[in-house]
Amino acid sequence: MPQLLLELFSEDIPARMQAGAARDLERMARTHLAEGHLAFERARALAGPRRLTLVVDGLPTGQADRMQERRGPRIGASPGAIEGFLRSVDAGREALEERDGFIHARIATAGRPTAEIVAEMVPAIVRTFPWPKSMVSGETKLKWVRPLRRILCVFDSRVVAFDIDGVASGDIGEGHRFMGARRPFRARDFDEYREALAGHFVILDRAERRRRIAEGARALCAAKGLALVEDEGLLDEVCGMAEWPTPLLGTIDPAFLDLPPEVIRTSMRVHQRYFATRSADGVLAPHFVAIADIEASDGGALVSAGNSRVLSARLADARFFWDEDRVRPLEDRLSRLKGVTFHAKIGNLHERAERIARMSAAIAPFVGADATLAARAGRLAKADLTSGMVGEFPELQGVMGGYYAKAGGEPAAVALAIREHYRPQGPGDPAPNEPTSVAVALADKLDLLASFFAIGEKPTGSRDPFALRRAALGVIRIVLENGLRLPLKPFAGAGGDDLMAFLGDRLQGVLRDQGKRHDLVDAVFALGDDDLARVVARVEALSAFLSTNDGADLLAGYKRATNILQAETKKGPLPAGEPRPMAGAPAEEAGLIHALAKARPAAEAALAREDFAGAMAALAGLRAPVDAFFDKVLVNAPDSAQRDNRLALLMAVRRAMAATADFSRISGQVER
């Protein structure tokens with residue numbers, strides 16, 4: 001069946017927008033085609049530095065004829081009402097029929113050619129395209145990410161004719177900006193288009209460009225006995241910056257290698273989009289890999305030399321900041337934090353630093369850190385924000401503070417804590433494990449959370465401008481990965497309950513990713529425990545317990561008991577006191593009372609020593625007596641004393657189980 005090929009060719013599209021643009025183009029095309037009653041086999045979109053491409057396979061040459069039916073006024077309506085209905089549906093009286101008490105009109109609609117629909121679809125997509133940022137050039141009023149230069153649009157090997165603000169569609173494309181610019185080509189289908197682009201030095205597929213960069217960069221390094229410093233984020237970015245990516249090896253002036261390696265790497269990555277390299281001994285090598293968008297006749301020697309000169313200028317600036325910043329110790333920078341507002345409702349950075357210092361000292365005993373060192377590191381943690389280097393490279397905050405602390409003679413633990421206190425900043429970033437670092441990293445994140453929750457600034461939906469979800473996940477990772485026993489409520493501040501619920505939601509997500517059931521996390525978190533390590537231990541014990549027959553059957557018994565008690569609550573207050581053996585009571589009633597008297601203290605003792613598996617094992621002893629009780633004993637006995645005693649017994653069973661988890665929050669579905 002016929003194929004639609006569309007290329008929207010413009011000036012350079014920012015690399016960060018390309019993947020989203022491809023998704024939006026495909027989504028919008030699918031929507032328009034569906035609204036046009038055009039089925040197809042496959043649609044896909046591709047994006048590159050200067051072009052968005054859409055390919056739709058298996059389209060029909062035109063719409064099928066359709067018969068539509070519209071319901072009109074009731075039978076017997078006035079002639080004026082009927083005439084108005086006919087005008088609204090653009091039909092004559094011959095289209096009317098009476099059915100089900102109403103007048104209906106059957107309207108035949110002839111199908112339109114697909115090319116006509118495409119000629120309307122593409123301008124509609126272009127004019128409403130959701131670019132994050134767009135512009136209007138001096139030549140047209142069209143809003144596009146960059147000036148739109150050319151439109152290639154063919155269906156069934158023929159041009160689909162239309163015009164968008166002076167840019168007419170056609171079947172002519174162009175290749176690389178330099179190597180293929182003077183040789184336009186004609187394309188009537190996707191295969192011809194892709195081959196023509198390759199012959200004009202354009203790699204259309206993003207994955208292929210990515211592979212070419214990675215393999216070429218590694219090969220260049222291997223030939224020099226070097227190793228490429230892998231950087232997936234940078235690789236994603238540069239493959240959107242070159243249509244014919246060509247890796248080149250450049251040289252760093254060895255005089256700059258005495259700068260911190262993070263400074264060199266950040267300067268290369270952020271300002272120049274260069275990849276760093278390592279020598280055989282693992283240290284930063286005086287070479288980099290740049291990605292050019294041209295195959296030069298000299299093998300790239302001139303381009304590499306130019307790249308080296310630009311990098312040297314950047315590193316010269318970095319050296320100036322490095323030398324200037326070390327003149328003043330970090331402590332001398334603290335006063336300047338008073339002039340930096342952290343948040344209008346929270347205060348300045350100096351106040352935040354003092355809070356972090358106090359909280360670091362308070363956390364220190366729980367993590368095995370020295371409180372004095374923790375407070376010192378917490379107080380200095382934000383001081384590097386006033387340094388020239390961090391002003392130039394914000395990505396190095398914390399890292400530079402660690403270097404400056406070391407240069408100023410601070411204890412090694414303090415310097416390391418300053419360096420690591422932002423960690424972990426994402427799933428791939430390791431959590432700190434040195435005690436002082438742990439204390440300060442937790443204090444930094446807990447102060448951030450407590451401060452914003454106290455003023456009601458909580459994440460909503462996808463909105464999280466202060467990265468509070470990341471901070472909460474950081475707290476959870478630090479606590480769990482270090483096996484810390486740390487109560488969190490004392491550090492939650494005025495937003496305590498909401499903040500604990502927020503942490504609970506994040507913990508649910510973490511445990512769910514590990515295969516734990518969210519309702520089990522709910523059941524444990526409902527106990528109000530603020531020790532995350534203990535919560536996880538409870539969840540694991542509960543999960544193991546419910547996977548057994550004893551656990552599953554006891555849960556069913558609990559829910560049955562709860563249903564009875566809830567029904568009785570509607571009739572009036574439940575009986576107070578503990579159940580007792582009664583003369584003439586069934587043996588199953590006495591058996592459950594005896595089993596409860598044995599299981600409850602055993603479970604409480606196990607909980608006291610945090611043996612959660614032992615507590616579950618003690619509760620497992622209730623499974624058979626509970627089953628027997630419900631099989632043989634009538635709870636709502638005619639005798640009120642018997643009835644009250646049996647209700648009290650069910651309440652006692654519920655209380656015994658509630659000490660380990662809120663079983664009411666557990667679904668009836670259990671896995672065995």
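The values are calculated or read from the model by the stated rules, or taken from the named source; none is laboratory data. Just so it is clear, the structure is predicted and the values come from calculations on it, not from any experiment. Because the Cβ atoms are built from the backbone with ideal geometry, glycine has one as well, and the counts that use them run over all protein chains shown. Only protein heavy atoms, including side chains, enter the accessible area calculation; ligands, DNA and RNA are left aside. Shrake-Rupley method; radii C 1.70, N 1.55, O 1.52, S 1.80 Å.
What the table below lists for this structure:
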item	result
Residue-count net charge about LEU596 - beta-carbon cut-off 13 Å; Lys, Arg +1, Asp, Glu -1	+3
Equivalent ellipsoid dimensions for the stretch 97-237 as semi-axes, Å, which come from the Cα gyration tensor, largest first	44, 21, 18
Cβ-defined net charge surrounding GLU540, 13 Å radius [Lys, Arg +1; Asp, Glu -1]	+2
Taking only Cα atoms of the stretch 164-271, radius of gyration then Dmax in Å	18.5, 57
Mean separation of Cα contacts under 8 Å, 6 or more apart, over the residue count of the chain: relative contact order %	7 percent
Segment ALA533-ALA255, extension gain: residue separation times 0.36 nm, minus the distance between their alpha carbons	95.2 nm
Using alpha carbons only: equivalent-ellipsoid semi-axes of the stretch 1-78, gyration tensor based, whole Å	38, 16, 9
Residue-averaged [θ]222 nm for the chain, counting only DSSP H segments that reach four residues, each worth -39500 (n - 2.57)	-15500 deg cm²/dmol
Extension reserve of the LEU634-ASP12 stretch, reckoned as 0.36 nm per residue once the Cα distance is removed	216.0 nm
Isotropic mean projected area of the C-alpha convex hull, the stretch 408-491 (nm²)	6.6 nm²
Relative contact order (%) - criterion: Cα under 8 Å, at least six apart; region: the stretch 269-384	15 percent
Residues with amide H under 5 Å from that of HIS287, placed H, sequence gap 5 or more	ILE252, THR277
Convex hull of Cα atoms in the stretch 530-663, direction-averaged projection (nm²)	8.3 nm²
For the stretch 13-152, Kirkwood radius (reciprocal of mean inverse C-alpha pair distance, Å)	18.4 Å
Separation of alpha-carbon centers, the stretch 385-438 and the stretch 563-577, rounded to whole Å	59 Å
Percent accessible area from carbon and sulfur atoms, the stretch 142-295, protein chains only, probe 1.4 Å	50 percent
Heavy atoms of ASP498 accessible to a 1.4 Å probe, total area in Å² rounded to 10	80 Å²
Dipole in debye (nearest 20) - the chain, about Cα centre, beta carbon charges: Lys, Arg +1; Asp, Glu -1	800 debye
Of every Cα-Cα pair in the chain, the percent that sits beyond 42 Å	55 percent
Kirkwood hydrodynamic radius (C-alpha pairs) into Stokes-Einstein, the stretch 485-541, 25 °C and 0.890 mPa s, D in µm²/s	216 µm²/s
Scattering profile of the stretch 316-413 at q = 0.18, 0.19, 0.25 Å⁻¹ [log10 I(q)/I(0), Debye over alpha-carbon scatterers]	-0.84, -0.92, -1.30
Dipole of the chain [Lys/Arg +1, Asp/Glu -1 at C-beta], most positive-end residue of GLY300, LEU52, LEU446	LEU446
Surface per residue (accessible, 1.4 Å probe) for the stretch 6-161, Å²	51 Å²
